[in-house]
Amino acid sequence: STLVNDILYTHLARELNGAKSVPGRHTRVDGDDLVDKVVHVDQSPIGRTPRSNPATYTGVFDHVRRLFAETMEAKVRGYLP
């Protein structure tokens, strides 16, 4: 998360959005010319419960649960999505 939050996001936000924040120490970022927009989404609650975050509202965790339910260990333990 340090790489994504402190380097990649901050670098791209500065290049694309004119943000004033300074990226963490790094040599270079390649491929930033292939990106035209950057948005920072963290896991901060967006609803009344601390468990609410963008992933719960968009249904991403449904896909993650299904993937984990397909693992051998989940099947052995009888876990379902």
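Computed over region 1-40, relative contact order equals 42 percent, with contacts defined as Cα pairs under 8 Å that lie 6+ residues apart. The spacing between region 65-81 and region 9-55, judged by their C-alpha centroids, is 32 Å. Its DSSP H runs of at least 4 residues, each contributing -39,500 (n - 2.57), put the calculated 222 nm mean residue ellipticity of the chain at -9000 deg cm²/dmol, to the nearest 500.
So which GluC sites (Glu not before Pro) in the chain are both in a DSSP loop and have at most 13 other Cβ atoms within 10 Å of their Cβ? Here the sparse-neighbourhood loop sites are GLU70. Look at the alpha carbon pairs under 8 Å that are at least 6 residues apart: their mean separation over the length of the chain gives a relative contact order of 17 percent. In this structure, LEU80 and SER1 have a Cβ-Cβ separation that, at R0 = 25 Å, corresponds to a calculated FRET efficiency of about 0.30. Its Cα centre serving as origin, the chain has a Cβ charge dipole (Lys and Arg +1, Asp and Glu -1) of approximately 400 debye. For region 1-40, trypsin sites (Lys or Arg not before Pro) are listed when DSSP marks them as loop and at most 16 other Cβ atoms sit within 10 Å of their Cβ; the list is LYS20, ARG25, ARG28, LYS37.
Each residue of region 55-68 is assigned a 3J(HN,Hα), and the resulting list reads 5, 6, 6, 8, x, 4, 5, 4, 5, 5, 4, 5, 4, 5 Hz, derived from the Karplus form 6.51 cos²θ - 1.76 cosθ + 1.60 (θ = phi - 60°), x at Gly and Pro.
Modelled spin labels at LEU16 and ASP62, positioned 7 Å past Cα toward Cβ, are 2.7 nm from each other.
FYI, it's all coordinate maths here, none of it is from the lab. Model, not experiment: these values are computed from the prediction. Cβ sites come from the backbone with ideal geometry, for glycine too, and all protein chains shown count toward neighbours.
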